[in-house]
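Below is one structure, written out as structure tokens; comments come after it.
The values are calculated or read from the model by the stated rules, or taken from the named source; none is laboratory data. Note that the structure is a prediction, hence the values are computed from the model and not measured. Cβ atoms come from the backbone with ideal geometry, glycine included; neighbour counts cover every protein chain shown.
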Amino acid sequence: MVAKKIDGKQIAASVIRAVKASAAALERDTGVKTGLAVVIVGNDPASHAYVGAKRRMAEECAFKSVQHTLAMETTQEELASLVETLNVDESLHGILVQLPLPNHLSSDPIIQSILPEKDVDGLHVVNAGKVATGDLDGGLVSCTPAGAMVLVKHKHGNDLSGLNAVVVGRSNLFGKPMAQLLLAANATVTIAHSRTKDLPVACRNADILVAAVGRAEMVRADWVKPGATVIDVGINRIAAPENGEGKSRLVGDVAFAECAEVAGGITPVPGGVGPMTIAMLMANTVVAAHRKAGKPAPK
Ligand code: NDP
């Protein structure tokens, strides 16, 4: 059986259409234009590419879009002071500080200094705590797990009762909130990590297998239960000499071609979870703008 590819690009496009419509309605009804600020420090090319994609998407949604590009030698105090300025700017409803920051800067105090209601990346402890306590509507859910969850629900519906989910990876950024979202949807959840004994056996138990490790093509076909839904969060750049000398390409944490033979649904890399992350950032920003304007947040 060849698995059905779960097309994150297409599903993200439908999320973006809904965001655009709800931003336009908010502006028409209240005069409030949804505003997003993105902050990037240093010259990391991958980070600049992500920030560029976020800015373009914000513009496509007709948001006010502001980008602050800070020099590599920016100090912790300078970055903190910029966040303070953005916190009090009434025209901005979302603030995103692109991670990772250069090594001389500490990201956690910066993330925790963003007002929780403007923390559209969903990384502030207040927002993480709301997800952990099952309050999914009161805060802002971290974008990548929120996007991965949309893909899971696209395949299985909103209620995952009776399904076993295995999340490989336990980071605060992804693995933990993903597990909590699956739990909130009634899945029976296992979190696996580098100390898990016999990972392939744990994975073979999964009706929904989510890989967020950062190891190219680690998940093999014989780790996948026949018919399972496989969500590949990993983004790994590997050498691709077949495309020419010095060329590289992106792959996920899942060996796509062979796992697609076994799975019932599988996300590609690129074109799976990645586009959903950006779409959910836009969705969080328009939710934050609605709340600020005293309007019910779009679902
Ligand atoms: P982290 O490095 O923070 O976490 C990786 C996790 O994988 C850890 O919990 C680690 O376990 C576990 N792990 C490492 N090696 C193994 C192994 N051999 N077997 C089992 N588990 C292992 O990464 P992130 O969660 O931030 O990101 C994971 C991947 O997702 C990366 O490829 C990243 O690029 C990608 N990503 C993609 C996004 C998107 O938009 N699509 C957004 C965010 C991330 P332990 O805790 O024991 O060390």
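For the subset of the range 124-145 comprising residues that are touching a residue at least 24 places away in the same chain (Cβ under 8 Å), assigned to a loop (DSSP other than H, G, I, E, B) and under 16 Å from residue 283 (Cβ atoms), which member is farthest from the ligand (Cβ to nearest atom)? By that ranking, first place goes to 137. Does residue 209 fit the bill of being in contact (Cβ under 8 Å) with a residue 40 or more places away in the chain and assigned to a strand (DSSP E or B)? Judged against the criteria, residue 209 is a match. Just to be sure, is residue 161 loosely packed, with under 15 Cβ neighbours inside 10 Å and within 12 Å of the ligand (Cβ to nearest atom)? Judged against the criteria, residue 161 is not a match. Take the residues in the range 170-200 that are β-branched (Val, Ile, Thr) and within 10 Å of the ligand (Cβ to nearest atom), then tell me which one is farthest from residue 222 (Cα to Cα). Per the criteria, the residue is 191. Taken over the range 254-268, the criterion of being within 15 Å of the ligand (Cβ to nearest atom) and crowded, with 24+ Cβ neighbours inside 10 Å is satisfied by 254, 266, 267. The single condition from (1) under 18 Å from the mean Cα position of the chain (by Cα); (2) in the same structural domain as residue 33 (by TED's automatic domain parsing); (3) loosely packed, with under 15 Cβ neighbours inside 10 Å that residue 117 fails is (3). In the range 256-280, of all residues being over 30 Å from residue 122 (Cβ atoms) and free of Cβ contacts under 8 Å to residues at least 60 places away in the same chain, the one that is nearest to the chain's Cα centre (by Cα) corresponds to 257.
Taking first residues from the range 287-299 that are free of Cβ contacts under 8 Å to residues at least 12 places away in the same chain and partners that are assigned to a loop (DSSP other than H, G, I, E, B), the Cβ contacts under 9 Å between residues at least 6 apart in sequence or on separate chains come to 299/137. Residues considered: 249, 204. Of these, the only one that is away from the ligand (no atom under 14 Å from the Cβ), closer than 21 Å to residue 9 by Cβ and free of Cβ contacts under 8 Å to residues at least 24 places away in the same chain is 249. The number of residues in the range 162-187 that are out of contact with any Gly (no Cβ under 8 Å at 6 or more places or on another chain) and assigned to a strand (DSSP E or B) comes to 3.
Those helices (runs of 4 or more DSSP H) of the range 1-104 in which at least 1 residues are under 30 Å from residue 258 (Cβ atoms), considering only elements entirely within it, cover 8-30, 45-60. For the range 271-286, a tally of residues being in a helix (DSSP H, G or I) and within 11 Å of the ligand (Cβ to nearest atom) returns 9.
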